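Chemist: Quick one: this structure, given as C-alpha cells, is what I'll be asking you about.
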Amino acid sequence: MHLISSPKKMQQLSFSLKSKGKKISFVPTMGALHKGHLSLVEKARKLGDFVVVSIFVNPTQFGPGEDFQRYPRDLKRDKKLLQKAGCDLLFIPKVKDIYPEGYLTYVEVEELSQKLEGAFRPNHFRGVCTVVAKLFNLVQPDFAIFGQKDAQQAVIIKKMTEDLNFPIKIIVSPTVREKDRLAFSSRNSYLNLEERKQAKVLHQTLKLGKEMIKTGEKSPKKIINKMREMIEKTSLAKIDYIALTDSERLEPVKTIKGELLLSLAVRIGKIRLIDNLKLRV
Ligand code: AMP
C-alpha cells in the first residue's frame, strides 16, 4: 500500500494513473476505522482499478465545543486494516497543507445543509463539502463511496457533485451494524458500558417507526411521537431530533408515500449519535 501525505504528489499520481486508463475509486474517512469504513473499501475495490482511501480529521466540519481535538486517532491500526482490505493508496494530508495560512475558499450547498443535522451543527456541511471538493480535486476519482449511515451527508455530496460538475459517480453504501444493530461509528468508542448498552435504542426506535409505517400508520406525527416515547424511556438518552422526511430534499412529509428517510440524532450521556433508515412506501 502506498502512502502519500503531500496534496501535490497525490494529484500528480492521480493524473498519471488516469492517463494510463485506470479507474480510481475513493473512500474519504476521518480514520479510527471500523467495519463500516471497510465495507466502503470493499465496494471501492469492486468498482475501480485503484483504491484510494483518505484519512483526514477535518477541522472545518467541527463546531466550537465539538470533539475535534479528542476525535479518536490510531493511524498504525488504520494502516494495518486498510492494507488487509486491499487499499492501494492511503492519502493522509496534514491540516496545514489542506488549509494553508490565508485559506479563504469554502463550498456551501444551500438549504439542504441547514436541515436536520445542519440545524444542530451550523457550519458542519460547509466544512464537509469544502474538504470533499478539495479531496475530489486531489484524488480525481471516477467513483467516490459514502455511507448511508450519514444519509444527509450523502444527499448533500451528491448535490454538490452535480452542481459543480465533478465527473464522479457517487455511490452510497448500506449502514453496517453491530450485533445489537447499533451502527458502527468511530464515536462509539467514547461510550462507557452502560451508555453502550442503552445506545441500541437508536435502531430500536427506527425499527418501531418502520413497523408502524409497514402496518399502515398514516400520520407522521403519531409515528414520531411513539418513537419519541421510546427514547424518553431510556434514562441516558436525550433527543436532538427525530424526523420523517423525503429522501432527497429532506423535507418533512405530510403523507406516507414514496422514498422516505426516517432519521434521528440522540445524545447518550455526552455522546451524540445519529442513525437512519431509508424506506420505500
Ligand atoms: P467518517 O470517518 O465517520 O467521516 O466516515 C467516513 C465514511 O464512512 C462516510 O461516508 C460514512 O458515512 C461512512 N460510514 C461511517 N459509519 C458507517 C457504517 N456504520 N456503515 C457504513 N458506512 C459508514
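The values are calculated or read from the model by the stated rules, or taken from the named source; none is laboratory data. What you see is a predicted model; the values in this text were computed from it and never measured. As a convention, Cβ positions derive from the backbone with ideal geometry for all residues, glycine included, and neighbour counts pool all protein chains shown. The protein model used for the area step is the full one, side chains on, heavy atoms only, and it has no ligands, DNA or RNA in it. Shrake-Rupley method; radii C 1.70, N 1.55, O 1.52, S 1.80 Å.
Chemist: Counting every Cα pair in region 95-135, what percent are over 16 Å apart?
Modeler: 38
Chemist: Additional query: Just need log10 I(q)/I(0) for region 13-135 at q = 0.18, 0.22 Å⁻¹, Debye formula, equal scatterers on the alpha-carbon atoms, no solvent, rounded to two decimals.
Modeler: -1.09, -1.32
Chemist: Quote the relative contact order of the chain in percent (integer), defining contacts as alpha-carbon pairs under 8 Å separated by 6+ residues.
Modeler: Across the chain, relative contact order equals 17 percent.
Chemist: Taking 0.36 nm per residue of sequence separation and subtracting the Cα-Cα distance, how much length would be gained by fully extending the chain between residue 197 and residue 232, in nm to one decimal?
Modeler: Going from the current span to full extension adds 11.1 nm.
Chemist: Over region 95-204, average the accessible area per residue using a 1.4 Å probe and give it in Å², no decimals.
Modeler: 48
Chemist: Now for a different question. Hey, if we sort 117, 248 by accessible area with the 1.4 Å probe, largest down, what's the order?
Modeler: The most accessible residue leads, giving 248, 117.
Chemist: Further, regarding this structure: Taking 0.36 nm per residue of separation and subtracting the Cα-Cα distance, what length does fully extending residue 74 through residue 222 add?
Modeler: 48.9 nm
Chemist: Please tell me which of these pairs span more than 31 angstrom C-alpha to C-alpha: 79/197; 76/179; 149/218; 80/238?
Modeler: Beyond 31 Å: 80/238.
Chemist: Taking every pair of alpha-carbon atoms in region 147-221, give the share separated by more than 14 Å as a whole percent.
Modeler: 72
Chemist: Label residue 104 and residue 35 with points 7 Å out from Cα along Cα→Cβ: what is the distance between them in nm?
Modeler: 4.9
Chemist: Here's something else I'd like to know. Taking every Cα atom in the chain, find the radius of gyration and the maximum pairwise distance Dmax, and write them in Å.
Modeler: 19.1, 58
Chemist: What Kirkwood radius, in Å to one decimal, follows from the Cα pairs of region 144-281?
Modeler: About 15.8 Å, per the Kirkwood formula over Cα pairs.
Chemist: Given springs between every Cα pair under 10 Å in a Gaussian network model of the chain, which of 46, 218, 179 has the largest fluctuation?
Modeler: Sorting by GNM fluctuation, first place goes to 179.
Chemist: Quick one: among 236, 182, 33, which has the greatest mean-square fluctuation in a GNM of the chain with alpha-carbon springs under 10 angstrom?
Modeler: Most flexible of the set in this elastic network: 236.
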